[in-house]
1. Separation between the GLU70 and ARG189 pseudo-spin-labels, each 7 Å from Cα along Cα→Cβ, expressed in nm?
2. Of PHE92, GLN22, ILE81, which is farthest towards the positive pole of the chain's charge dipole, taken about the Cα centre with +1 and -1 on the beta-carbons of Lys, Arg and Asp, Glu respectively?
3. Over 32 Å between Cα atoms: which of LYS43/LYS108; LYS74/LYS111; LYS65/LYS173; LYS43/LYS122 fall into that group?
4. Would you calculate the separation in nanometres between label points at LEU140 and GLU120, each defined as 7 Å from the Cα along the Cα-to-beta-carbon direction?
5. Measure nothing fancy, just the Cα-based angle from helix 139-152's long axis to the longest principal axis of the chain, in degrees from 0 to 90, nearest 10.
6. Evaluate the distance, in nm, between pseudo-label points positioned 7 Å from the Cα of SER63 and of ASP79 along their respective Cα→Cβ axes.
7. Using a Förster distance of 35 angstrom, determine the FRET efficiency expected from the C-beta separation of THR167 and LYS55, and round it to 0.05.
8. Mean separation of Cα pairs under 8 Å and 6+ residues apart, divided by the residue count of the range 83-191: what relative contact order is that in percent?
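The numbers here are math on the coordinates, done by the rules we state, and not lab data. Keep in mind that what you see is a predicted model, and the values were worked out from it rather than measured. Virtual Cβ from ideal backbone geometry, glycine too; neighbours counted across all protein chains shown.
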Amino acid sequence: MRISAFLGSPRKKGNTAHLLNQIVEELRNSRHEIEVIYLRDKKISGCIEDFACQKVFDKPGCSIKDDMQELHQKILEADCILIATPVFCWSFSAQIKTFLDRLYCLEKYYKDGSYISLVEGKKCGLIVTAGGDEFDGADLVVEGYRRMTEFHRMKDVGRLVAANIQTKKDLLKPEVKKTVKEFAQSINRRK
């Protein structure tokens with residue numbers, strides 16, 4: 001399986017990156033082809049809502065010329081995408097939020113309001129790190145993700161929330177290691 005993992009932390013070696021690396025190692029043991037994309041290194045502008053993307057039905061068609069052109073292609077070519085984010089102000093990181101906003105062009109609307117999704121049925125998983133507990137913003141990220149995958153008609157293959165994470169040492173706890181294995185197995189099981 002081809003997996004594109006989008007890291008939305010502004011820190012390349014922070015807690016979210018460390019957790020994602022653990023998951024990537026588990027998945028590579030199952031012989032998946034995995035690419036980690038660091039969104040902090042990409043130039044991604046916010047959606048300008050000009051609806052140019054709605055003039056074409058067979059490709060994203062976004063009018064903004066930035067790194068999202070490449071990322072749209074990676075999403076379309078992947079069998080599964082993973083979204084990794086820390087909790088920032090009770091939500092996704094800015095890097096992930098801008099990235100998610102720009103996925104609107106993957107839906108194509110008809111005049112009657114119905115739509116098709118260019119990513120319908122594609123697997124998607126969520127990885128979240130939180131300094132607070134599960135109900136201090138991580139729950140809102142999970143709900144936003146659930147609604148996003150539902151809207152895009154994607155197949156949710158799992159959500160891993162690592163709460164109360166202050167340092168990388170917290171990610172080495174047996175309970176976290178166990179959830180990493182379970183998350184990777186969930187991706188492997190879901191067809």
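1. It is 3.6 nm.
2. GLN22
3. On the way: LYS43/LYS108 24 Å; LYS74/LYS111 29 Å; LYS65/LYS173 43 Å; LYS43/LYS122 25 Å.
Beyond 32 Å between Cα atoms: LYS65/LYS173.
4. It is 3.3 nm.
5. 40 degrees
6. 3.8 nm
7. Details: r = 49 Å, r/R0 = 1.39.
Taking R0 as 35 Å, the efficiency between THR167 and LYS55 is 0.10.
8. Details: 145 pairs, mean separation 29.5, N = 109.
Rounded, it is 27 percent for the range 83-191.
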